[in-house]
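The values are calculated or read from the model by the stated rules, or taken from the named source; none is laboratory data. Source: prediction; values computed, not measured. When we count neighbours, we look across all protein chains shown, and the Cβ atoms used for this are built from the backbone with ideal geometry, even at glycine.
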């Protein structure tokens, strides 16, 4: 049978296994193993099955994953998210929609040390939502801004999604992190502009919050010292070349531990929860990476990625039309699948096409991360929406999804900016110390 036909059958079989709720890492490993055995030999497939798990689990470079996850866990338990919200709240909370704007800025700040959209959404769902309810904010705006703001957790570095993209495409993780800074700030600004516009159109959505005197505002500036120190230490070290990504992750995890200790938030319970969640998340990510690696070998011998990219080049389709179709595909898939699963499945096929079309792989990594953000808030499986729904039990799910719509369009605007002005993502990486 033609290898490309076998590859297509394998992809269909993979989607069937996922529809049957088989874990994605094991699904990819099974399909990849069976396909590789069919196209090459049983001996080669068996060797692959024994080699790849050991190679991934023993890789020094992959220790960056559990270390950054641990850093995010310590940051979550340290209360740094609450502190930065209180500071921003005192400075801009008095504006129409000011509490929502403060939530977005605080989400961006917390994202700079957590690397997790779920932790960001959960933190500010518990902190900001009660305040917005107290000042009679409409449920659609209050829940929508928290769900959308939470997505900044995977765009502003450090980011687990960027780490996995870098591993899959063999791109430098430090460069991807630095490339995410300006797009993250741009999206934060677009979210704030979105809140300003919708509250200008309908002031009843978000009445002004309380005003604080200048002394209270200045005193509040000492609150986010932990976030600032940790961000400058980790991202500054990567930017200047002081640390490799693995070293930066180790320094970040230790720094977050010390800050949590100084703040007297490190209890045995918090420590145990941090280590347990880090272990569970790391095991899940490693299972996916091992499965993706085995599946990638199968796709390579099936010749599908190379054939697809060659075909697109030969028919002479405009590269911006192609990238628009890829983004549309990701948005559609995001309505039915978890973002990380989409990326793991599609990168082996899509990435060679992107390279052949002449797009920068670092820039494409930021685009992919943005689209992964969108999958966190699109119905029916938007994970951030379910987290907010669990916190705001009295708010119907459709109200949260309705509140997300303006922020979804803000994300689209951000993607358009990046397509027409790729330097937004590439400027800082080009100035890094090599």
- Kindly check whether there is at least one residue in the range 212-219 that is more than 22 Å from the chain's Cα centre (by Cα) and not in a helix (DSSP H, G or I). yes
- Query: When you look at residue 362, is it within 22 Å of residue 115 (Cβ to Cβ) and in contact (Cβ under 8 Å) with a residue 60 or more places away in the chain, yes or no?
  - Reply: yes
- Got at least one residue in the range 245-263 being in contact with a helix residue (DSSP H, G or I) (Cβ under 7 Å, 6 or more places away or on another chain), buried (at least 18 other Cβ atoms within 10 Å of the Cβ) and farther than 27 Å from residue 64 by Cα? no
- How many residues are surrounded by fewer than 21 Cβ atoms within 10 Å (Cβ to Cβ) and modelled with pLDDT under 80 if we restrict to the range 198-214? 2
- Item | Failed condition for residue 266, given (1) touching a helix residue (DSSP H, G or I) at 6+ places or on another chain (Cβ under 9 Å); (2) part of a helix (DSSP H, G or I); (3) more than 30 Å from residue 8 (Cβ to Cβ) | (2)
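Which of the residues that make up the range 420-429 are exposed (fewer than 15 other Cβ atoms within 10 Å of the Cβ) and either touching a helix residue (DSSP H, G or I) at 6+ places or on another chain (Cβ under 6 Å) or closer than 19 Å to residue 374 by Cβ (or both)? Lay out the reasoning, then the answer.
Pass one, the range 420-429, residues exposed (fewer than 15 other Cβ atoms within 10 Å of the Cβ): 420-421, 423, 427.
Within the range 420-429, just 420 meets the criteria.
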- Task: Would you mind listing the helices (runs of 4 or more DSSP H) fully within the range 56-158 where at least 3 residues are in contact with a strand residue (DSSP E or B) (Cβ under 8 Å, 6 or more places away or on another chain) and closer than 22 Å to residue 261 by Cβ?
- Result: none
- Restricting to the range 379-415, what's the tally of residues that are crowded, with 17+ Cβ neighbours inside 10 Å, modelled with pLDDT of 85 or more and not in a helix (DSSP H, G or I)? 1
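Would you be able to say whether some residue in the range 247-267 is on the phi > 0 side of the Ramachandran plot and without any contact (Cβ under 8 Å) to a residue 24 or more places away in the chain? Walk me through how you get there before you give the answer.
If we filter the range 247-267 for residues that are on the phi > 0 side of the Ramachandran plot, which is where we start, we get 264.
Next cut, without any contact (Cβ under 8 Å) to a residue 24 or more places away in the chain only: 264.
Yes: one or more hits.
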- Task: State all residues of the range 307-323 that are surrounded by fewer than 16 Cβ atoms within 10 Å (Cβ to Cβ), within 21 Å of residue 416 (Cα to Cα) and in contact (Cβ under 8 Å) with a residue 60 or more places away in the chain; if no residue qualifies, say none.
- Result: 320
- Message: Take the conditions out of contact with any strand residue (DSSP E or B) (no Cβ under 7 Å at 6 or more places or on another chain), within 28 Å of residue 296 (Cα to Cα) and surrounded by 22 or more Cβ atoms within 10 Å (Cβ to Cβ) and apply them to residue 370. Does it pass?
- Response: yes
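Against the condition within 30 Å of residue 196 (Cα to Cα), crowded, with 22+ Cβ neighbours inside 10 Å and in contact with a helix residue (DSSP H, G or I) (Cβ under 6 Å, 6 or more places away or on another chain), how does residue 68 come out, does it pass?
On the way: within 30 Å of residue 196 (Cα to Cα): no; crowded, with 22+ Cβ neighbours inside 10 Å: yes; in contact with a helix residue (DSSP H, G or I) (Cβ under 6 Å, 6 or more places away or on another chain): yes.
Here the answer is no, as residue 68 does not meet what is asked.
Condition check ((1) closer than 18 Å to residue 414 by Cα; (2) part of a loop (DSSP other than H, G, I, E, B); (3) at pLDDT below 90) across all residues:
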| residue | (1), (2), (3) |
| --- | --- |
| 325 | yes, no, yes |
| 328 | yes, no, yes |
| 337 | no, yes, yes |
| 367 | yes, no, no |
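Residues of the range 228-242 being free of Cβ contacts under 8 Å to residues at least 24 places away in the same chain and farther than 20 Å from residue 83 by Cα, which ones?
Passing the criteria: 236, 237, 242.
Given the residues 431, 399, which is the only one that is farther than 19 Å from residue 193 by Cβ and touching a residue at least 24 places away in the same chain (Cβ under 8 Å)?
Numbers: 431 fails: touching a residue at least 24 places away in the same chain (Cβ under 8 Å).
Result of the check over 431, 399: 399.
Is it true that some residue in the range 337-356 is more than 23 Å from residue 11 (Cβ to Cβ) and surrounded by fewer than 16 Cβ atoms within 10 Å (Cβ to Cβ)?
Residues of the range 337-356 more than 23 Å from residue 11 (Cβ to Cβ): none.
So far as the range 337-356 goes, no, none of its residues is more than 23 Å from residue 11 (Cβ to Cβ) and surrounded by fewer than 16 Cβ atoms within 10 Å (Cβ to Cβ).
Can you find a residue that is in contact (Cβ under 8 Å) with a residue 24 or more places away in the chain and within 21 Å of residue 73 (Cβ to Cβ) anywhere in the range 134-146? Step through it out loud before you land on a result.
Of the range 134-146, the ones in contact (Cβ under 8 Å) with a residue 24 or more places away in the chain are 135-146.
From what is left, the residues that are within 21 Å of residue 73 (Cβ to Cβ) are 146.
Checking the range 134-146: at least one residue is in contact (Cβ under 8 Å) with a residue 24 or more places away in the chain and within 21 Å of residue 73 (Cβ to Cβ).
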- Item | Residues of the range 159-177 satisfying the condition of being under 12 Å from the mean Cα position of the chain (by Cα) and not in a helix (DSSP H, G or I) | 159
